[in-house]
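Step one of this worksheet: look at the structure below.
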Amino acid sequence: MDEKQQSAGTNDSIKLLPGPRFRVALMVAILADALQLIVFPFFVEGAESPADDVLDCGVAGVMMWLLGWHWEFLPSVLAKLVPGVDLVPFWTLAVANVYRKAKRKAIEAEKNREMPRD
């Protein structure tokens, strides 16, 4: 980088911070998992509750709207339908895994961009 770019504060490197869609998706996932782990067992029938299933379908729709389709969401939906398995915060894990993969792709793209071409 030359002195003009340094003094102007410009940087062509890619930012690896989560964007607003990832932040919202993570907040929705944490809220949904917290509801399913803490609130629903006290007020409804737990894993066999229709409210739990409606919440999972709604969260799946919101996740696909925010982040697009990712294979990580499929195990989350299927696992939430099995009684007792919904004690694992699958939505939060799925969003974290999608972010991890996006970050890895961004790093690889940055490395490929920086490699000199012959």
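The values are calculated or read from the model by the stated rules, or taken from the named source; none is laboratory data. Bear in mind that the values here come from a model prediction, so they are computed numbers and not experimental data. We place every Cβ from the backbone using ideal geometry, glycine too, and count neighbours over all the protein chains shown.
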Unmet criterion (only one of (1) modelled with pLDDT under 85; (2) surrounded by fewer than 11 Cβ atoms within 10 Å (Cβ to Cβ)) for V44: (2)
Can you find even one residue in region 89-100 that is at pLDDT 75 or above, loosely packed, with under 12 Cβ neighbours inside 10 Å and among the hydrophobic types (A, V, I, L, M, F, W, C)? no
Matching option when the condition is under 18 Å from G19 (Cβ atoms) and either modelled with pLDDT under 75 or of a type outside the set (D, E, K, R) (or both), among L67, L78, L74, L37: L67
State all residues of region 60-103 that are over 14 Å from the mean Cα position of the chain (by Cα) and not hydrophobic (A, V, I, L, M, F, W, C); if no residue qualifies, say none. K80, P83, G84, D86
Condition first: closer than 17 Å to L26 by Cβ and surrounded by fewer than 18 Cβ atoms within 10 Å (Cβ to Cβ). Now tell me which residues in region 71-88 satisfy that. V88
Would you mind finding the one in A94, A109 that is more than 27 Å from L35 (Cβ to Cβ), of a type outside the set (K, R) and part of a helix (DSSP H, G or I)? A109
